[in-house]
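Novice: Dropping a structure here in structure tokens format, bear with me for questions.
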Amino acid sequence: SGEARVDSGASRFYPEGHQLEWTARVREATSKPIVGTGRFTNPDTMAAAIQDGQLDLIGAARPSIADPYLPRKIEEGRYDEVNECIGCNFCYSRANNHLHIGCTQNATAGEEFRRGWHPERFTRAANADRDVLVVGAGPAGLECAIVLGKREFRRVHLVEAETEIGGTTRWIPQLPCLGEWGRVLDWRKVQLERLPNVEVRTGVRLGPQETLEYGAELVVVATGSHWATDGLNGVTCRPIPGADASQPWVLTPEQVMVKGKRPPGERVVVYDCDGYFMGASLAELLALEGYRVTLATPYEQVASLCVETLEIYPLWRRLHELGVSMATGTTVTALEPGRTLGQNLFADPVTLEADAVVLVTQRVSDGTLYTELTAEPPESLRNAEIEGVYRIGDCLSPRLLGDAIFDGHRLAREIDSPDPSVPLPYLRERPLVTAAATSLAPSRERR
């Protein structure tokens with residue numbers, strides 16, 4: 001129960017259909033119809049459980065949040081259109097800790113009533129006769145371009161500086177046990193291929209002048225973010241003295257995962273001020289590669305956000321089994337070759353012997369293109385016939401993957417509003433208690 005429940009286990013630790021070990025044996029005790037749950041996301045897995053007589057009905061809550069039309073698509077054989085759940089438990093976190101459901105894969109989840117967003121119906125935009133340039137094909141840019149295409153814009157140009165689209169969704173699934181997160185990119189690739197009005201260009205880096213000369217009336221900047229190379233973090237609100245990722249013994253997540261940079265010695269400190277999956281996943285990866293890893297965090301527990309996603313206890317167990325030391329309540333104050341200096345919760349000095357440090361401290365927006373474009377004289381934009389410049393996702397402010405996708409979706413849904421940079425107001429599902437009491441209670445009770 002609580003944070004230890006396994007019936008809603010995340011894909012990071014529980015394979016698809018993981019409860020069949022037990023639910024498949026219910027048939028031995030009854031002839032009544034049996035409903036089973038336990039991360040059924042793939043139509044083939046669901047069909048196999050039915051055909052083998054293990055279950056009569058599939059309970060698929062999270063998969064139906066990711067794709068509300070899952071049953072119909074299975075019935076009609078449209079398997080390649082299924083927006084398959086990635087098992088990140090973003091939905092569980094939002095519904096139970098933040099009181100409004102959300103979904104990484106499906107930005108419309110929870111917005112059907114209050115914003116009027118249908119997951120598969122899109123109205124033609126009032127300004128659909130324009131061309132739109134989306135700069136950056138990471139999570140936010142991909143989602144924005146897809147929705148713009150479905151809203152029938154004349155041409156949507158999705159331009160990516162790297163040779164492949166996806167941004168962080170290209171390499172996050174390469175972290176231990178996060179392979180199913182690759183569906184975020186896989187599904188969107190399929191969507192892009194089906195939109196004739198969306199053109200994808202890779203290996204093209206646009207600066208302000210190239211953007212002005214591109215010829216699109218609307219420009220959406222989705223250039224993402226990067227992990228701080230100097231240890232900038234939200235705990236001290238400043239860089240860490242001695243932190244410099246150009247040194248061989250100081251690393252960032254991108255350097256480890258994209259560039260293949262590795263620590264020069266066997267002792268590694270992963271310093272995690274993020275508190276979600278990145279620090280712990282890198283610690284796990286390096287431990288699996290044979291390094292002696294210490295996962296240090298200023299928080300009272302490692303990966304504290306994983307409490308909300310039901311990953312915390314299996315995560316701690318896995319780190320323990322891999323021999324990862326966990327130094328909680330530790331704030332790093334300086335880095336030196338061979339030593340990581342810090343203090344504990346009581347400001348007592350702490351020294352961690354280490355040959356290298358991986359900085360998972362804070363992401364920094366890559367917003368230069370947006371700031372330079374908006375700093376242009378108004379006549380420069382008018383001469384280029386640009387009617388609006390907007391920014392979305394991590395480029396605006398680093399955020400969770402699901403929030404970045406939502407931001408791209410939201411802008412595309414509202415790009416024909418009076419000011420697309422400002423979200424439209426939405427319907428309130430719950431009346432304010434104070435307002436209800438004021439209007440309904442007898443006058444003497446309101447005094």
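Each reported figure results from applying straightforward, stated rules to the coordinates on display, with no laboratory input. Given the structure is predicted, the values throughout are model-derived calculations rather than measurements. Here the Cβ positions follow ideal geometry from the backbone for every residue, glycine too, while neighbour counts run over all protein chains shown.
Novice: Rounded to the nearest 500 deg cm²/dmol, what is the calculated helix-only ellipticity per residue at 222 nm for the chain, with -39500 (n - 2.57) per DSSP H run of length n ≥ 4?
Specialist: -7500 deg cm²/dmol
Novice: Please say if the range 2-97 is rounded, prolate or oblate, where rounded means a/c under 1.5 for a ≥ b ≥ c the square roots of the C-alpha gyration tensor eigenvalues, and otherwise the choice is prolate for a/b larger than b/c and oblate otherwise?
Specialist: Since a/c reaches 1.5 but b/c is at least a/b, the shape of the range 2-97 is classed as oblate.
Novice: Can you list residues whose amide H is under 5 Å from Arg339's amide H, if they're 5+ apart or on another chain and H is modeled 1.01 Å from N?
Specialist: Residues meeting the criterion, in which the H sits 1.01 Å from N, are Ala354.
Novice: Relative contact order for the range 2-97: what is it in percent, counting Cα pairs under 8 Å that are at least 6 residues apart?
Specialist: About 28 percent, as a whole number.
Novice: Tell me, how many Å apart are the Cα centres for the range 145-215 and for the range 323-343?
Specialist: 38
Novice: Mind listing which GluC sites (Glu not before Pro) in the range 355-393 are in a DSSP loop and have 14 or fewer other Cβ atoms within 10 Å?
Specialist: Glu385, Glu387
Novice: HN-Hα J couplings of the range 366-377 from phi, Karplus 6.51/-1.76/1.60, θ = phi - 60°, integer Hz, Gly and Pro as x?
Specialist: 9, x, 4, 4, 5, 5, 6, 5, 6, 8, 5, x
Novice: Roughly what % antiparallel, to the nearest 5, for the DSSP beta bridges in the chain?
Specialist: Counting DSSP beta bridges with both partners in the chain, the antiparallel share is about 25 percent.
Novice: A further question on this structure: Taking amide hydrogens as modeled 1.01 Å from N in the peptide plane, which residues meet the under 5 Å criterion relative to Val350, leaving out close sequence neighbours?
Specialist: Here Gly342, Gln343, Asn344 satisfy the definition.
Novice: In straight Cα distance, which aspartates and glutamates are under 16 Å from Lys150, not counting same-chain residues fewer than 8 positions off?
Specialist: In chain and number order, the partners are Glu81, Glu120, Asp129, Asp131, Glu193, Glu199, Glu414, Asp416.
Novice: If you don't mind, another one. Assuming a viscosity of 0.692 mPa s and a temperature of 37 °C, what translational diffusion coefficient in µm² per second does Stokes-Einstein assign to the chain, Rh being the Kirkwood radius over Cα pairs?
Specialist: Reported coefficient: 136 µm²/s.
Novice: Would you work out the relative contact order for the chain, in percent, from Cα pairs under 8 angstrom that are 6 or more residues apart?
Specialist: 17
Novice: Now a separate question. Could you tell me which of Gly338, Leu206, Ile392 has its Cα farthest along the dipole of the chain towards the positive end, charges placed at Cβ (Lys, Arg +1; Asp, Glu -1), taken about the Cα centre?
Specialist: Toward the positive end, the furthest listed residue is Ile392.
Novice: Can you tally the net charge around Pro398? Count Lys and Arg as +1, Asp and Glu as -1, for every other residue whose Cβ sits under 12 Å from the Cβ of Pro398. The partial results should precede the final answer.
Specialist: Details: positive: Arg363, Arg399; negative: Asp274, Asp366, Asp394, Asp403, Asp407.
Spelling it out: positives minus negatives among the neighbours equals -3.
Novice: Under the classification rounded if a/c is under 1.5, otherwise prolate if a/b is larger than b/c and oblate if not, where does the range 368-415 fall, given a ≥ b ≥ c as square roots of the Cα gyration tensor eigenvalues?
Specialist: oblate
Novice: Could you tell me whether the range 228-362 comes out rounded, prolate or oblate from its Cα gyration tensor? Rule is a ≥ b ≥ c as square roots of the eigenvalues, rounded for a/c under 1.5, then prolate if a/b exceeds b/c, otherwise oblate.
Specialist: Cα axes put the range 228-362 in the rounded bin.
Novice: Right, something else. Among Pro241, Ser421, Leu178, flag the residue with its Cα farthest along the positive direction of the charge dipole of the chain, charges on Cβ as +1 for Lys/Arg and -1 for Asp/Glu.
Specialist: Of the candidates, Ser421 comes out farthest on the positive side.
Novice: I'd like the GluC sites (Glu not before Pro) in the range 1-71 restricted to DSSP loop residues with at most 14 other Cβ atoms within 10 Å, sorted by number.
Specialist: Counting only loop positions with at most 14 other Cβ atoms within 10 Å, none of the GluC sites (Glu not before Pro) in the range 1-71 qualifies.
Novice: Given an 8 Å cut-off on Cα distances and at least 6 residues of separation, report the relative contact order of the range 228-362 as a percent.
Specialist: 33
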